[in-house]
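Take a look at the structure set out below.
The values are calculated or read from the model by the stated rules, or taken from the named source; none is laboratory data. Computed from a prediction, not measured in an experiment: that's the story for all the values here. Note: ideal-geometry Cβ built from the backbone for every residue, glycine included; neighbour counts use all protein chains shown. Heavy atoms of the whole protein, side chains included, go into the accessibility calculation; ligands, DNA and RNA do not. Shrake-Rupley method; radii C 1.70, N 1.55, O 1.52, S 1.80 Å.
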Amino acid sequence: LPAAGLGEAPPGLQGERDGPGAAGAARRRKAAPQAGRNKATVKGRVVKSAIEEYHKKKPVNHLTANLKYMLKGRFVANKAITEQVLAQNRGRKSKDQPPKKEAKKKPEGTVFTEEDFRKFEREYFGRP
């Protein structure tokens, strides 16, 4: 019979025997130098053209395409709805409000014509 305490224990029951330097050694092993390119060198780097970068970042004018798209549709919104949408998108400050349209006043005219006046003169004043 084997002596008590001299046999091997199952792997899950074994105590940690690693000292405090075990974690550092594992980290060194993990970060061992690997075969790869050195990022500090210029070899294999693509030089970007300044003109290409400028064209890539230049703002694009979409006005013509948008106008074609807007004009191609046949549906025309109701004027009241259009005014409502514009009013919602307008700011609340007085400078953002459009000037109020004043109703044009019609010149006050008479109900009587020239012929009516002549007839009245004849009847009232007795002139021919």
Between ALA80 and VAL111, what is the FRET efficiency for a Förster distance of 30 Å, r being their Cβ-Cβ separation, to the nearest 0.05?
0.30
Cα to Cα, under 20 Å, and not fewer than 8 places away if on the same chain: which lysines meet these conditions relative to LYS101?
LYS79, LYS93
For peptides 99-106, 53-60, sequence by mean Cβ density within 10 Å, most packed first:
53-60, 99-106
In nm, the gap between the two label points placed 7 Å beyond Cα toward Cβ at GLU123 and MET70 is 6.2
For the stretch 77-128, report the accessible area per residue in Å² (1.4 Å probe, heavy atoms, rounded to an integer).
115
